[in-house]
1. Points 7 angstrom from Cα along the Cβ direction at residue 607 and residue 451: gap in nanometres?
2. Note the full-extension length gain between residue 238 and residue 565 as 0.36 nm times their separation in residues minus their Cα-Cα distance, in nm to one decimal.
3. What is the angle, in °, between the Cα long axis of helix 363-377 and the longest principal axis of the Cα atoms in the chain? Nearest 10 is fine, range 0 to 90.
4. With no other cysteine's Cβ closer than 4.7 Å, which Cys residues of the chain count as lacking a disulfide-compatible partner?
5. Stretched out fully, how many nm does the piece from residue 946 to residue 793 gain, at 0.36 nm a residue minus the Cα gap?
6. Among the lysines, select those whose C-alpha is under 25 Å from the C-alpha of residue 980, and discard any that sit fewer than 8 residues away in the same chain.
7. Beyond a 20 Å Cα-Cα separation, which of these cross-linked pairs lie in this structure: 232/383; 232/820; 79/364?
8. For residue 772 and residue 429 in the same chain, what is the full-extension length gain: residue separation times 0.36 nm, less their Cα-Cα distance, in nm?
Amino acid sequence: MLTSPFIVASQAAKLRRASSYQNIHLRADPPRQSDNYTQLVQWDNYTLFFNDQRMFLHSGEFHTFRLPVPDLWLDIFQKMVAAGQNGASIYIHWGVSNPSPGVIDFNDWRALQPIYDAAEQAGIFITLRPGPYINAETNAGGFALWATSQVAGTLRTNASDYHQAWIPYITGIAESVVENEVTNGGPILLLQIDNEYSQSALSGAYFEQLENAYRGSGVQIPLTYNDPGERKSFVNGTGAVDIYGLDAYPNGFDCSNPHVWSPLPTDYHEYHETTDPSEPWYMPEFQGGSFDPWGGPGYDACETLTGPDFMNVFYKNNWAANVKLVSYYMTFGGTSWGGLPEPTVYSSYDYGAPIRETRALSDKYDELKRQGLFLRSSPDFYKTDWVGDTDTTMPGVTVNGSDVYVTLLRNPDTASGFYIARQVNTSSTHEEITFRITVPTSAGTLSLPQEADSIALNGRQSKVIVTDYSYGAQSSVLYSTASILFAGTIGNRDVLFLYGDSDQSHEVSLTLSGNGDRANASVASFHSGAAATSSPVTISLLRGIKGAVPIWASDTQLVLFADPITAATFWAPVIPSSSATAFNNYWQFGSNETVLVGGPYLVRNASISSGHLALRGDLNQSVVLTVVAPEDVTSVSWNGADIAVLPQSKGILAANLSTSISPESISVPELTGWKYADSLPEVSTNYSDADWVVANHTTTNISPAMLYGDGRVLFVRLGHYMRVSYDLMQWVSCENIVLWRGHFNGTGAETSVNLTITGGIGFAGSVWLNDRFLNSTWSVSGEQTTAVYTFPEDAIFISQENVITVVQDNSGNDEGDSAKSPRGISGFQLNSGNFTEWRVQGKFGGYNGYPDKVRGVLNEGGLYGERQGWHLPGYDTSNWTSRDLSEGLSGPGIGFFVTTFDLSIPQETDAMLSFHYDTSNQTYRALLYVNGWNYGKRVANMGPQTKFPVPPGILDYQGTNTVAVAVWALTDEPVSPTLKLVVEAVVEGGVGPIHANNPAWSPRDVA
């Protein structure tokens, strides 16, 4: 039996359409500006223009390199568009795209064209941010690692060797932009120059070089910049960009007290007016979450710190400053797999974002959508003057309530008013305040609300009260204290969808049209005439409304109201235009046709043909489908299957969408049948390192240099150490795990070695003398450790060669000015005598000769098992020892555990899977390899990460999968890791087929 979520009234009314008079004088727009390369993208002091239309750029950050499955990029883009975002900000990573000098690799998951194609398919614009420096909590801030040692000059200046380093990469980027910028019908709207810097003669000259490189390659779209603080850099002078922007993270990056907010910034409007008042107010990065450090509280706390209440108050505070271009960092964070992280962060880059690392939608996503659909629906909001606020003056406005802070924005052409209200005390978490406000309108000065006692703000809440708000073909709202989710035309009807908390009363005054049905008296009361000279009807929306309710339904108008949770279950997918020659699926610029769809977990897209509405999307449970569609729509399909629909009130269709899907319905196997092999033969007394690279350099471009020793530089980076083998220049790599072996002749006087091991925050190292374990070191807060490693009394081989072996896990290069980070052994000294030789081994093949070109340069490290390819699918482990992972290691060392398992996930099912380790505090590290991909590092004695999401495409959902765990025990204590595969969430639907690209093992001629 069909159960409808709507409450439908039977009372009918006939009303005369009222016209809204607004006492304003139309004035010309300010002069438009352009970059003088194209007039397709222009701007004035209010907004961007694209194709002669104003646009509010409502964007979010997404790093494709943190989701190395190209078939899933459309999934993220579709989710962003469904939330009302029309832009995606995309970093491109120089380091993974240019692994060694002269090698540009835009292939596989590093490819650029699939990004652009997926964005175009989803209908979303791109702000491309290719660096060369990107920050992003990634290794060396995205620099090519070879450049951090080979370039003698200062990075991010006009130094000639730095210019020579980045120019091939930027040239490749520029070529892709020219083919895919909006001037050629592609999705790239803006192009950012470098990232978060300060302006000086050197940096200005560097920016100018980048700009010339793009323009010289034919790039026409505007060039932008993101200032990391209120520095006013690159607004004017050498290197100045077309459009300046400010990055802001007002709540900071400490998630340990997630309910404590930092003060709300109140100077944004003033800063813009004194910095670049002739340009639109742009925030290329505004806080959408937070990174979490080693030992941090985890990303659920970061989600709370920047949760829906934070978004509600802080994002609307940006609106109050007249920000018209904004991108939230991050909308989807993803995974810093392999060697991607910089030292302060761990593998997960979930960021507490609206779309979680598993790709699941969070409560933050709901708030993002509530705001996004309002912005998409409100073109009058795109051009607004900042009139005043509580601290200044708002002509004709009186606010009754000392605890509320109000800012007024007004459209100078239509007189639409937007009163953005919040509590003065934004740290208040629960306290409700009430207020009244007197405002000028086209119907005269009104005291709002007209019928209710007051407007309420529940704790950390902000509201936008609109006046003289036009929508649809011919409708207008005189005022509304309820929030607007959607306003526009669907078929022949103007549709207004309002929402508000069910424990508050709300009020809207609008002109009703047509012969319609009203909501019954238990839901709303209707009062004719908000003022003596006007004809709008004032509607009081009573407390207690839950679900979605039609307030007014006629042939020409539909007004809906819902509580915020129900409102967030509605979607407004774009109906692609059949006549547009370009951008046919882009809202505003190719199509203004949509439908409202309530109930599903996600609506990805929709189309209408011959009265049939075809919907595609995801379900996580059985729901009642509610559809507001054009009048000629009489049938509906969901994911290709026709569904039976029944009419509800006028123009509203409903149906049951059923699914049996649930996490419990998806079967995943236990991880058993483990095979084991030792992965540290390098500490055995008969191991030969003759094929390793001799570390004998005495100079370096890395800073700081060696602290002590005999003059030899024991840093690993391309440009320091290489060997010629197999006709390849094989440069030793520094990311991930590196092994060192220092040789000396024993005299009996040697009792210890002093070592400074430098690997970055979160690194670790273990030290052996010959085959005897000495100790391990690690740091959760420092770049390096210095320690004396004492030798056991009988450990020295007298008159023979002795070897100090150091296994070092580097956590990446620092960002910014410290990107030329030392990684290796910064100091070495025996208590007596000297080392005769040092040798070093990183990943097999180094930067040039690494064999796994698909997974890329940052996937592998220098462990023996990695060099052999034990982590790759198809490696023969039949002769290995059977040993369960939980048996672990009995003492210090490194072992590889490998098993396989089969998955059979039904087609058109998106199961979100994670690997869960034990949560105990043990002194081990573990690398998780899934089908050859280094998809996470568990550091059990630091934390906090124990769950490692792995997407389809890395996992083969219809085949055999290989999982390898490299366990490193750091002390004499036994360690016993456990690992299980868990279904975190599941939806029926998905983005479509996901192809796996997991090359299998092939023989390696390994030293």
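The values are calculated or read from the model by the stated rules, or taken from the named source; none is laboratory data. On a predicted model such as this, the values are computed, not experimentally measured, just so you know. All Cβ positions, glycine included, derive from the backbone under ideal geometry; neighbour counts span all protein chains shown. For the accessible areas, the whole protein counts, side chains as well, though only heavy atoms, and no ligand, DNA or RNA atoms are used. Shrake-Rupley method; radii C 1.70, N 1.55, O 1.52, S 1.80 Å.
1. Spacing of the two 7 Å Cα→Cβ label points: 4.5 nm.
2. 112.7 nm
3. Once rounded, the angle reads 50 degrees.
4. Singleton cysteines: 734.
5. So the chain would gain 51.1 nm between residue 946 and residue 793.
6. Result set, ordered by chain and number: 675, 937, 947.
7. Beyond 20 Å: 232/383; 232/820.
8. 117.7 nm
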